[in-house]
Each structure stands twice: as structure tokens, then as C-alpha cells.
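The structure under discussion appears below in the form of C-alpha cells.
The values are calculated or read from the model by the stated rules, or taken from the named source; none is laboratory data. This is a predicted model, so every value here is computed, not measured. For neighbour counting, all protein chains shown are included, and Cβ atoms are generated from backbone atoms with ideal geometry for every residue, glycine included. These accessible areas exclude ligands, DNA and RNA; they are computed on the full protein's heavy atoms, side chains included. Shrake-Rupley method; radii C 1.70, N 1.55, O 1.52, S 1.80 Å.
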Amino acid sequence: REGIAVLGFAATDVERLRARYAELHPKLLLPGTPREYPGAKVLEVYAYYRGEKGSSEADPGTILRFIEGGGDGSWVLPGLRRVPAEFESTSLPAYCDHWVSNVNSREGFLETLEETLGFAPKVDFNAGVVAAGEAQIESTVTGNEPGKLLAEAAVALKDQSQVYLPTNNALSEVGHVHLYLKEIGQGVQHIASRVSDLPALVQRANDVRRMTGAGLSFLSIPRSYYGCLTPKWLSGSAGIDLATAERVVGAVTAAGIADGTGAVALDAAREKVAAALPKDVDTSVAEHVLRARYSNMYALLRDQVGEATYMKIVRNNILVDVQGEDLLFQIFTDKVLQRAPGEEAPFLEFIQRVCSEKADPVSGQPRPMKPGCGGFGIRNFLTLFLSIEVSKAAKARLDAQSVGKTELAKYYGRMVDAFTAQLDESNPVLTAISDAMTAEGEALERGDAGAARVAAEAKAQGQRDLMTISSKYKGIMRDFRASAPAGA
């Protein structure tokens, strides 16, 4: 089957790992492992059980490979030979960051990793929290504790001491994760690679695809994720009364600068916006109209980045998350290794971690950086899940339009609107959860148990709010499907 077959890790003592697997999970050990080669020792184990941990047989589809030795770069896998790496001058190096699995037994996989590797959960999204309409999953991010700090960004870019392994299981018989497990089986859903300049990488990939018709394409992210122009937002941002804000929105919409959903044209010029404003409105309001293109991002980042960077983020459909003073930029490709149109397949993720560059107030030196700074995109877990469903529904709508099936196209259009509305309603809750998790971690680090409890309750309340939203849209999608036209 197509997919990612092996995850490789550097290890310091594969014999100790073999002993742990032999004692606790002997079914997962491959025959004849570990194998010794000049300069290296290699242990291979199956990643998952077919069902419940211990009681079911091993699933041979995915292997974890642990390599001891060869750290100086002199060793390669048997049958391979080293060749010089050559890249175009505009290429960016990419470094492994994390790997996401879809599995039958999430808890069993997590327990296996804890018992053998000492990994511990970092965050849980339990039943009802991550949902897109009727499609529901559970997800947990597990990983190690590197126990080190890094001195500079160039080192942090290449460092791979922090291992994150997000893991999903399906809770419903609809949606991407369920279909992935049904069509492909357990395995790596996507792999994430870290780069130094994500907007540049995505812009280059988009340019190559437009020029050649080949290459990577990316998931479509609703414009509302980044921001939209509404009278309420404009009133607060520009400091004008609501009635004036309503007149401004009406004027720029009539001028074709914004559409009916509040999406402001990405190429809108300040002069054109200012000219479209009602005569009694100060032209400074034009700046706020343009900021509406990325208002949600600006609420997160403020002046940490400039307008040019904001516009690169929006134009290239880049997702953004914040953890304390660190930033995380993410983007997901469409499916790769796809066997046939319409079938599930793995995909790729590219990220950029922007670690805080604040100086220590005492020494004046840059603060050390944590491996994996910026976290793992807590705010974007649901965004990814919903965007997958939006992209599928949008493609189905185009396919129906291409063959003249008007009612079917309208049906899928309503699905796109519902998933987008769920994302819009969930976004502020996701931001609150992310902020609470950051506050909880910082409180625990400084030993403030009271503040940690307050933040933990805020996080729990956010998850309860998400469950309420998810339940609402589950009902909406259930009603859609009940009245679906033929062919849906």
C-alpha cells in the first residue's frame, strides 16, 4: 500500500530498548532484530497493534527504526550509497519535526510509547472537541522531554531533540480519519518538516505549480480564518460608532473592495479604499479596512510582524499559532501518494518555528530557546480537520457543477458554508484554549500552583465550549445528509 512505511530515530542504547520491547511488547519486535553493521546497530519494531495493546497481533504496516551509532554521518542503510546533495540556489533545507498517526487504538499506542520510550502526553483533545460536522476524532500529542535549551535560532532550526507524535483515532463513521483507516489502514497520516522561511517556500511552490502545472498544492483555508470586515469589528478597531461602521462597510462593498462575506480584496489599494469611504469619514479608517484582511492574525500577533508578512501569510494560506512569545507557522499540502482520485492518502506539512528573541533582563543576552518552540499548533488542530472537510466538499461541488448537477452542487455548497461557519465560531475558543495552555505551562514552571489551576479550568471550559459548538454543527450536518439529493 502507498504511504510512509518507516519512522527512524537516533538512539543511544538499542539493546536497552530491545529489552523493554521483549519484556512488555514482544509481538512488536521484528525477527532478527537488532542487526549490527559496521559503525551502527539497528533495532526495528512494528509501530502499532492491529487492535488493543498486547491482546491483538502486530500491524506490519509501519515500522519504528532505532539507530545507534552512525551519528557522524558516515553510515548509511545497507544497499544505499552516499552522494553529494545538490540544490538550486532558491531551495530551502527542511528538517524533520513531527509525525502524525491515524490508529485504531490511540490509548494503546500511547501506552506502548510510554512503556518503551518514556514518552508522555502533552495535550489531549477528547471526544467531541475535534469535530467537523458529524465527523469526530480524538487526538493526543505525546513526546519526550529533551531536557536542554538552545542558544540560537540556527541551532534550533536543525535540532531534533524534541519529538512530537500526535495521534488520532476516529469516533464516527464519517470524515477523513475514519475513511483513512478504512481505505488504507493504520499509519502515518502526515509528516511535518521544519524550514527557515515558510512564506518563501510556499510562494515558490505556488509559482512552480502555476508555471509548470506540477508540484505541491495546498489545502484551502477559508478567508474568514484570517479576518473579515464586519461593522462590529471595524467600530472597535477604528474607534468609530457602529452606525458609521455600517456605512463604511456598505460603501466599500458597493465599490467592489469587499464581498458579501466581508472578505477584503487582497490587492486593494489604500487610495481606492480611501476614495470609497463616505465623505464625512476620516481617511485613516482606510487602514483599518485593509487590516480586516488579517484582523484575526493581528489580534494574535499585533506588531510582531509587519503588513508585508501578514499579506504573505494570507495570500499563501499559512496557518498561525502562538505559544507565549513563540510563533508557529504551518501549512498542509493536498494528498500525496494517492492511489486513485477521491481516495484517502497521506499528506505533508511544512512549518516554521519562530522562537522568542527577547533578551534576559539581567544579562542582556538572548534567552535560551526550548527545542520545539511554538508548540504543535493547538489552535490549528481543528482548523486542519475542518479544512480537509471543506476541501473535499468544495471539490465535490465543482465536480457536480461540471456535469450540470445543480441541486447536488448546492448541497455541497451548503456543506462548505457550514464547515466554514463552524471554523469561524470555533476560532476564538481555540485561541482561548491555546492562551490557557500557555499560561498553565508558565505557571507550573514558576511553581505557582494557584495560577496553574485557574489556567487549567479556563482550558477545560474552552474544551467544553468547543464540544457545544461541535454538537451544534453535528446536528446541522446530520440534517443536511438526511435531505441529501441523489448522488451525494
_Suppose we filter region 139-156 for residues that are surrounded by 17 or more Cβ atoms within 10 Å (Cβ to Cβ) and either in a loop (DSSP other than H, G, I, E, B) or of a type outside the set (S, T, N, Q) (or both); how many remain?_
5
*Among the residues of region 409-436 satisfying the criterion of being open to solvent by 30 Å² or more (accessible area, probe 1.4 Å) and among the aliphatic types (A, V, I, L, M), which is nearest to residue 326 (Cα to Cα)?*
432
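One line per residue, one yes/no per condition, for (1) closer than 25 Å to residue 429 by Cα; (2) open to solvent by 60 Å² or more (accessible area, probe 1.4 Å); (3) touching a residue at least 40 places away in the same chain (Cβ under 8 Å); (4) among the hydrophobic types (A, V, I, L, M, F, W, C):
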{"position": "445", "(1), (2), (3), (4)": "yes, yes, no, no"}
{"position": "466", "(1), (2), (3), (4)": "yes, no, yes, yes"}
{"position": "474", "(1), (2), (3), (4)": "yes, yes, yes, no"}
{"position": "478", "(1), (2), (3), (4)": "yes, yes, yes, no"}
*What number of residues within region 210-227 are over 29 Å from residue 291 (Cβ atoms), open to solvent by 60 Å² or more (accessible area, probe 1.4 Å) and either part of a helix (DSSP H, G or I) or in contact with a helix residue (DSSP H, G or I) (Cβ under 9 Å, 6 or more places away or on another chain) (or both)?*
3
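Residue-by-condition table, conditions (1) of a type in the set (D, E, K, R); (2) buried (at least 19 other Cβ atoms within 10 Å of the Cβ); (3) assigned to a strand (DSSP E or B):
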position: 310; (1), (2), (3): no, yes, no
position: 330; (1), (2), (3): no, yes, yes
position: 342; (1), (2), (3): no, no, no
position: 349; (1), (2), (3): yes, yes, yes
position: 353; (1), (2), (3): yes, yes, yes
position: 356; (1), (2), (3): no, no, no
position: 382; (1), (2), (3): no, yes, no
position: 400; (1), (2), (3): no, yes, no
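Taking the options 103, 141, 129, name whichever one is under 19 Å from the mean Cα position of the chain (by Cα), closer than 30 Å to residue 480 by Cβ and at pLDDT 85 or above.
Details: 141 fails: closer than 30 Å to residue 480 by Cβ; 129 fails: at pLDDT 85 or above.
So the residue among 103, 141, 129 that is under 19 Å from the mean Cα position of the chain (by Cα), closer than 30 Å to residue 480 by Cβ and at pLDDT 85 or above is 103.
Answer yes or no as to whether residue 169 is over 17 Å from residue 336 (Cβ atoms) and either modelled with pLDDT of 90 or more or touching a Gly at 6+ places or on another chain (Cβ under 8 Å) (or both).
Spelling it out, residue 169 is indeed over 17 Å from residue 336 (Cβ atoms) and either modelled with pLDDT of 90 or more or touching a Gly at 6+ places or on another chain (Cβ under 8 Å) (or both).
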*Somewhere in region 49-61, is a residue aliphatic (A, V, I, L, M) and modelled with pLDDT of 95 or more?*
yes
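Please work out which residue is nearest to residue 250 (Cα to Cα), limiting yourself to region 282-302 and to residues that are hydrophobic (A, V, I, L, M, F, W, C) and open to solvent by less than 20 Å² (accessible area, probe 1.4 Å). Please lay out each step first, then the result.
Step one: filter region 282-302 for residues hydrophobic (A, V, I, L, M, F, W, C), giving 285-286, 289-290, 292, 297, 299-301.
Among the residues that remain, those that are also open to solvent by less than 20 Å² (accessible area, probe 1.4 Å) are: 285-286, 289-290, 292, 297, 301.
On the way: 285: 14, 286: 14, 289: 12, 290: 15, 292: 14, 297: 24, 301: 28 Å.
So the residue we want is 289.
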